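Worksheet: one structure, shown below.
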Amino acid sequence: MNRNHVHPSRRALLGGAALTAFTAATGTGTANAAPTTSPATWPTEFPLPDGFLPEGIAIGRKPYAYMGSRANGALYRTDLRTGKGGILFAGGTGLVAVGLKLDHDGLLYVAGNTGVARTHDSRTGEIVTTYRLTEATGHFINDVTLLGDRAWFTDSRAAALYAVPRGRSGAVRTLPLTGDWVQLPDVNNANGIVGTPDGRALIVVKSTPGELYKVDVRTGHATRITLVGATDVVNGDGLYRTGRTLYVVQNRLNRISVFHLDARSTTATLTGTITDPRFDVPTTAARYANRLYLVNARFTSPQTPETTFTGVAVPL
């Protein structure tokens, strides 16, 4: 694999004057421009701000990656053609941004950890809507996917999914998880989430002990997916699916496990794994062209204002 290594420049911790918005050169005019180079020549590694604490990544139809910060909910946008980026939303005290998904209308859905989800305008970064998904404390809204007319959010500390209408506003729906789902105490349960190939259900990974479930969006009934060729998907984090191929990012194992789903999405057969020496606890993945892009959360490294972070790309 040919790799272009990009070393992060030193940047100040998020906050205050250190956070600057995009210049006009990286605004909506550029976003609408067609790529002038082949994706095969684009950087396969790019820097994020020091101290950013990234976890989520989202990519839409245009060559821009959006990444969220656990430090203060900031959003960073990178041009995949050049590897250059800038702060889109400066974040704020008490805000968190983990799982992200970009809709076709330009709304960016953000899982906000402590019982909250938000939508942002992906052009300006401004907050459009804030949703209080649950009033209880101790919740961890972790990831999000778009299915049908709703955005679905996982809660790693509760046996429930939450759905909000896609668009500018709407009421929150809580979907309790039943069936094979058993909520474990004091660990992260539900994490990554994607729709099934037929669009009728959701697939959710339970990070501990490392299981996949198919969830009926009408009833919440969860059926454990049988794994073939693998005993578990422990440390399962972000999910990405294309057709009947499911990619499971296993963060602290520094690998992506690749599964083939059967027609009913009740059996997943391991077909391979993706590893890369640049992986440093990758969390979630998003696709552009024939690449998966991931952010390195570096959970096993010091999480300080000086800690460097990167995004990396691997071929599908």
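From its DSSP helices (H runs of at least four residues, each -39,500 (n - 2.57)), the chain gives a residue-normalised ellipticity at 222 nm of 0 deg cm²/dmol.
Here's the picture: charge each Lys and Arg Cβ at +1 and each Asp and Glu Cβ at -1 in the chain, and of H221, Y240, V98 the one pushed furthest to the positive end of that dipole is Y240. Charging the Cβ of each Asp and Glu at -1 and of each Lys and Arg at +1, and nothing else, the dipole of the chain about its Cα centre rounds to 540 debye. When DSSP beta bridges are restricted to pairs lying wholly in segment 44-315, around 95% turn out antiparallel. For the pair V128 and D103, label points projected 7 Å from Cα toward Cβ lie 0.5 nm apart.
When the P(r) of segment 44-315 is calculated, the portion above 26 Å amounts to 34% of the C-alpha pairs. Expressed as a fraction of 2.2 N^0.38 Å, the C-alpha radius of gyration for segment 157-209 is 1.27. In plain terms, the chain from T174 to S38 could stretch by 44.6 nm, reckoned as 0.36 nm per residue minus the Cα-Cα distance. The charge dipole of segment 103-260, taken about its Cα centre with unit charges on the Cβ atoms of Lys, Arg (+1), Asp and Glu (-1) only, comes to about 180 debye. Distances between placed amide hydrogens fall under 5 Å for A201 paired with T196, all partners being 5 or more residues away or on another chain.
Computed from the coordinates by the stated procedures, all read-outs in this text should not be read as laboratory data. In this text the structure is predicted, and so the values were computed from the model without any measurement. In this analysis, Cβ positions are derived from the backbone assuming ideal geometry, glycine residues included, and neighbour counts consider all displayed protein chains.
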